[in-house]
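Here the structure is laid out as structure tokens; the discussion comes afterwards.
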Amino acid sequence: MSPVAVEIGIGPIPMLAKQLNDFQRSKEAGIEETKERLEKSLEGIERQIANIVNAIASGVSNATLIDKLEELEKQKLSIEQKLLEVVFLDRTGLHIHDAGNGFLRYLDALSLQDLPHLRV
């Protein structure tokens, strides 16, 4: 046992529990930060897509706009996938690639209420 733990009267089990709790809180904060960052990125991309669609609807259309729209749609899909992975990790503690078929069952049960932009 460390001298500090002996001084303040903390045994090895409570000290381990505290370290595990600190680690879990840190992990949860990281997941939340990642989720917020992805959501902000997604909002920005959706705003750009809306602007391009509005420009096309107004009669302004060229190959550059169409290419940019396709690129943004790919980015949006990628971010949505990453966001699903983060939500999955947050709810299950598992990475998607570790979960295998469990992820597919999870997607069946996933409430898209948490991801309103993915509603069909």
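FYI, it's all coordinate maths here, none of it is from the lab. If you're wondering where the values come from, they're calculated on a predicted model, not measured in any experiment. Cβ sites come from the backbone with ideal geometry, for glycine too, and all protein chains shown count toward neighbours.
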Amide N proximity, the stretch 34-70 versus residue 82 label position 7 Å along Cα-to-Cβ, cut-off under 15 Å: 34-46
Sorted peptide list for 28-41, 52-65, criterion being average Cβ within 10 angstrom, highest first: 28-41, 52-65
Approximate spin-label separation residue 20-residue 47, in nm, with each point projected 7 Å along Cα-to-Cβ: 4.4 nm
